[in-house]
Amino acid sequence: MLTHCPHCQRSLRLTYEQIFRLEQALSQLDTGRMLTMKCPLCSSAITLEKSGLPAPKSTSQVQPPPPPNLDWLTTGLYRGEEKIADVPMALILHRPGVQRERIGEALEAVGYQAFMADTMQDALERMRFINYSCIILQTELEGTLEQSTFHTHMRNLTMDRRRYIFYILTGDTCHTLYDLEALACSANLTVNTADMRHLDIILRKSIPAYEELFGPFLEELNISGKR
């Protein structure tokens, strides 16, 4: 029989009448059913099995969905489609090298004008005068993403600017097209380094989806003069 609350761990001093009613209610339970009562001390719900013992706590935890399947990247599904309109300028924050050149080529392939920032200060200075439609940040550029001054700047941008920027994070630990990860990182898209060779295809898929979701809202803001 129940003697302690499984939540607050305090002793339950039930009267004889309360014990009698509890035993009576438990005896009327069908097999597999549970009885729920409230702790008189902490008011937490206590679930009892037919035996009168607290039901074991569930150990199962909610698991996030897995990253998406990327088999379509090699099928050419989005290759060769028309360039995306009205996204003129993109800013790239990435270590110099072949990978950065590939990023620039991919952005230009879908209609962007690509600009390279040599330092964080250079990037922040450019953003003072130019409204970029797309920004790509290498997550390891300043150590970790949490240490990145530029990422902190992006997270703290006011929404009247941030909502017009398609913010992409790329790095060895990123999961490509994993919307849940992008949301957790205050970004619009995440791309793993190994998938950057498919960046143009990824953009052809992700940007139209982004515009379909937010386009009408942004258009209304423009009409009302709130940009």
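Whenever a residue of region 27-41 is under 19 Å from residue 10 (Cβ atoms), it has no partner that is open to solvent by 80 Å² or more (accessible area, probe 1.4 Å) and among the acidic types (Asp, Glu) lying with C-beta atoms less than 7 angstrom away and at least six residues away or across chains. Given the condition over 17 Å from the mean Cα position of the chain (by Cα) and either open to solvent by 20 Å² or more (accessible area, probe 1.4 Å) or at pLDDT 80 or above (or both), answer yes or no: does some residue in region 179-187 qualify? Within region 179-187 (the criterion being over 17 Å from the mean Cα position of the chain (by Cα) and either open to solvent by 20 Å² or more (accessible area, probe 1.4 Å) or at pLDDT 80 or above (or both)), the answer is no, since none of the residues qualifies. Of the strands (runs of 3 or more DSSP E) contained entirely in region 112-176, those carrying at least 3 residues that are more than 24 Å from residue 64 (Cα to Cα), of a type outside the set (D, E, K, R) and open to solvent by less than 70 Å² (accessible area, probe 1.4 Å) fall at 113-116, 134-138.
The values are calculated or read from the model by the stated rules, or taken from the named source; none is laboratory data. Predicted, not measured: the structure shown is a model, and the values here were computed from it. Every residue, glycine as well, gets a Cβ built from its backbone with ideal geometry; the counts of neighbours run over all protein chains shown. The protein model used for the area step is the full one, side chains on, heavy atoms only, and it has no ligands, DNA or RNA in it. Shrake-Rupley method; radii C 1.70, N 1.55, O 1.52, S 1.80 Å.
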